[in-house]
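Take a look at the structure set out below.
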There are 2 protein chains.
Amino acid sequence: MVDILHKAGIKSSSLDDVYKALTTCEGLSAWWSDTQGENKVGGTLQFRFGPRGGFDMKVLDLQPAKRVLWQVVDGPPEWIGTKISFDLKQEGDWIIILFKHQGWKEPVEFMHHCSTKWAVFLLSLKSLLETGKGVPYPNDIKLDSWE
Amino acid sequence: MVDILHKAGIKSSSLDDVYKALTTCEGLSAWWSDTQGENKVGGTLQFRFGPRGGFDMKVLDLQPAKRVLWQVVDGPPEWIGTKISFDLKQEGDWIIILFKHQGWKEPVEFMHHCSTKWAVFLLSLKSLLETGKGVPYPNDIKLDSWE
């Protein structure tokens, strides 16, 4: 089992703002991609990327201003069963997000791609919270022929 | 042992150009940070980040237009002994870089940070090769209070 890990610091003092960007369909759509569904524990979220399809995630844990945990229930086979978490903490002027996408069976090329894409979208989340403007899908950042 | 993985596609048909950006001090300085040393197998490279110090890497393998492998011999304790590789291949209009930073002992918070930073610098490499201009250190992309 191999994991994708990232860390992003947001210049902000509002853990609530960061948590909202991770737990409302409006927030998620503003930095990642079109999001619909039920943002509550046990609910399912649908993330869609136009013709590329997308992912369905079950919400496993929500701790306000602290933690978000999803599990992929539909999408690319490599993603199904994997878990995605965001852990938040305040450190001085920064809100730190520790991100994990855990439970990949193999370090396939698609995992390399997704690791870099997660960094791009976490920078979009940072931008949304620091400047009011994210760069969600579809954006101009084409990493390769896969998107 | 845990690894950082990334993938970046460069819109280019010159594997040689990509290889040069990874194997000359001028190229490395243009997308990552100030680089000096001997770019040959068995040689040591010094990467420096101003007051932050840097890393020394021994060059373990160089395969023109195909592969670069370094091992960290000095720098932050978490980095020492880890290996960094770039594998190149042409796929249609793209040159694909598969990047690995392997051999971390533990998935510490610093590893999360470095994973996201590697993505930022690989996007800088992509920009250098596609537009002629990279965004090496020091750039404006502050991920957190660590840099």
Scanning segment A:105-139 for residues that are within 12 Å of another protein chain (Cβ to nearest Cβ) and assigned to a loop (DSSP other than H, G, I, E, B), the one surrounded by the fewest Cβ atoms within 10 Å (Cβ to Cβ) turns out to be A:E106
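Can you name the residue in segment A:25-44 that is part of a strand (DSSP E or B) and without any contact (Cβ under 8 Å) to a residue 24 or more places away in the chain and is also most open to solvent (accessible area, probe 1.4 Å) among such residues?
Of the residues in segment A:25-44, the ones part of a strand (DSSP E or B) are A:34-37, A:44.
If we keep only those that are without any contact (Cβ under 8 Å) to a residue 24 or more places away in the chain as well, we get A:35-37.
Details: A:T35: 7, A:Q36: 107, A:G37: 42 Å².
Per the criteria, the residue is A:Q36.
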Checking A:L15, A:L22 in turn, the sole residue that is open to solvent by less than 10 Å² (accessible area, probe 1.4 Å) and either within 20 Å of A:Q90 (Cβ to Cβ) or among the aliphatic types (A, V, I, L, M) (or both) turns out to be A:L22
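In segment A:45-72, which residues are touching a residue at least 40 places away in the same chain (Cβ under 8 Å) and in a loop (DSSP other than H, G, I, E, B)?
Taking segment A:45-72 as the starting set, the residues that turn out to be touching a residue at least 40 places away in the same chain (Cβ under 8 Å) are A:49-50, A:52, A:64-66, A:68.
Of everything in segment A:45-72, those that are touching a residue at least 40 places away in the same chain (Cβ under 8 Å) and in a loop (DSSP other than H, G, I, E, B) turn out to be A:F49, A:P64, A:A65, A:K66.
Conditions (1) over 19 Å from A:S124 (Cα atoms); (2) in contact with a Leu (Cβ under 7 Å, 6 or more places away or on another chain); (3) modelled with pLDDT under 95, marked per residue:
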position: A:V18; (1), (2), (3): no, yes, no
position: A:C25; (1), (2), (3): no, no, no
position: A:G37; (1), (2), (3): yes, yes, no
position: A:V41; (1), (2), (3): yes, yes, no
position: A:G54; (1), (2), (3): no, no, yes
position: A:L60; (1), (2), (3): yes, yes, no
position: A:D74; (1), (2), (3): yes, no, no
position: A:T82; (1), (2), (3): yes, no, no
position: A:F99; (1), (2), (3): no, yes, no
- Does A:D144 meet the test of being surrounded by 20 or more Cβ atoms within 10 Å (Cβ to Cβ) and modelled with pLDDT under 95? yes
#### Entry: Flag for A:K89 being open to solvent by 60 Å² or more (accessible area, probe 1.4 Å), assigned to a strand (DSSP E or B) and within 12 Å of chain B (Cβ to nearest Cβ)
yes
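The values are calculated or read from the model by the stated rules, or taken from the named source; none is laboratory data. Everything quoted here is computed from the prediction, not taken from an experiment. Ideal geometry is used to build each Cβ from the backbone, glycine not excepted, and the neighbour counts take in all protein chains shown. Ligands, DNA and RNA are stripped out before the accessible areas are found, and what is left, the full protein with its side chains, is counted by its heavy atoms. Shrake-Rupley method; radii C 1.70, N 1.55, O 1.52, S 1.80 Å.
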